[in-house]
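Colleague: One structure, pasted below without further comment.
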Amino acid sequence: MELNLKAAFFWPTNSTIVRSMQFSAKNYLQRAAFRVLWHASPHRAIERAMRLMLTPPRHAFSDAELLALEEASLLPIPLISGRLIAWRWGRAADPAVVLVHGWGGRGTQLRGFIAPLLAQGFSVVAFDAPGHGMTGGPESSLPHIQQALDAVLDHLGSVHAIIGHSVGGAVAAGALARRPALGCAVLIAPPASLAASSRRIAERLAWPEPLRAAMQRRIEYRFGVNWSEFEAERASGEQALLVIHDREDREVPLSEGRRHAINWPRARLLATRGLGHRRLLEDPAVIKAAAEFIAGARS
């Protein structure tokens, strides 16, 4: 079922890897450098492409984000690779909703959802994935974020719902499929294919397809995971699912959110207009729809 929501404009919160690939003098030089390097030393070009794909952009926390953290309890969570920084709002005894940010983001990017969820009787947990925010680290990837979410879910024990944005939405879908005890999830602008996402990045950087494909194979070998495992159709379940995606999203097309919705028997697609990829996280109508959906799934 697809719904339409006319949404207002809000300022963008953060950039992702695709957003940062806008054409500019720096981008032109980067494109030229990859072309030269690919012809001169394919091995070095592949290594540089890998570093780019595994290095999320970093940004300073805004005053609004820091203010939101003052109202939370710090929740350090152990990881094999170190420690994950997470926070909890509300009472530990209340059903938990976990927020999962996207590439180059932070848990506090989804702070707009906290107050409405608390008002519905939930507690809220957010975290900074490896390579992001206060958790930090030299690199990240979809498997890194997936491992982090699994660690949070294992630590909490009982979780009612997940809200995930962008790559975090794709990770949330996988977690929902693997954990039938989870009640529901809201996916906001979720990519449906890791390979397709890499092709969009490669197109903006004018990488030849052999370079992109070699980079993909190298990363697959390193993590021992085939990218075909991250296609939307590989994750499905019986829980309720809400997919929210903007028709004018230039980073992850609406068709990818629709793939997630089609794949889940109990899914709905809420299509907005004029919010792009990030302003969804600040829109009151989107936040209200997500909170009410999660509360409705509980009842």
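The values are calculated or read from the model by the stated rules, or taken from the named source; none is laboratory data. Computed from a predicted structure; not experimentally measured. Reconstructed Cβ throughout: ideal geometry from the backbone, glycine too, with neighbour counts over all protein chains shown.
Colleague: If Ala195 meets every condition in (1) more than 19 Å from the chain's Cα centre (by Cα); (2) modelled with pLDDT under 95 apart from one, which number is that one?
Modeller: Failed condition: (1).
Colleague: Is at least one residue of region 256-278 part of a helix (DSSP H, G or I), in contact with an Asp or Glu (Cβ under 8 Å, 6 or more places away or on another chain), over 25 Å from His160 (Cα atoms) and assigned by TED's automatic domain parsing to the domain that holds Thr108?
Modeller: no
Colleague: When residues of region 224-233 are filtered for being farther than 11 Å from His260 by Cβ and touching a residue at least 40 places away in the same chain (Cβ under 8 Å), how many remain?
Modeller: Residues meeting the conditions: 2.
Colleague: I would also like to ask the following. Any idea which residue in region 107-131 is surrounded by the fewest Cβ atoms within 10 Å (Cβ to Cβ), counting only those that are touching a residue at least 60 places away in the same chain (Cβ under 8 Å) and not small (Gly, Ala, Ser)?
Modeller: Gln120
Colleague: A follow-up question, please. Hey, among the residues in region 200-210 that are among the charged types (D, E, K, R) and surrounded by fewer than 16 Cβ atoms within 10 Å (Cβ to Cβ), which one's farthest from Thr55 (Cα to Cα)?
Modeller: Selected residue: Glu209.
Colleague: With the condition kept exactly as written, say whether any residue in region 241-260 is modelled with pLDDT of 95 or more, at positive phi and hydrophobic (A, V, I, L, M, F, W, C).
Modeller: no
Colleague: So, one more: Is it true that some residue in region 38-47 is assigned by TED's automatic domain parsing to the domain that holds Arg247, part of a helix (DSSP H, G or I) and modelled with pLDDT of 90 or more?
Modeller: No, that holds for no residue.
Colleague: Ala213 - would you say it is small (Gly, Ala, Ser) and either exposed (fewer than 14 other Cβ atoms within 10 Å of the Cβ) or not assigned by TED's automatic domain parsing to the domain that holds Arg278 (or both)?
Modeller: yes
Colleague: Another question, then. Can you pull out the residues in region 260-275 that are surrounded by fewer than 19 Cβ atoms within 10 Å (Cβ to Cβ) and of a type outside the set (A, V, I, L, M)?
Modeller: Result: Pro265, Arg266, Arg268, Arg273, Gly274.
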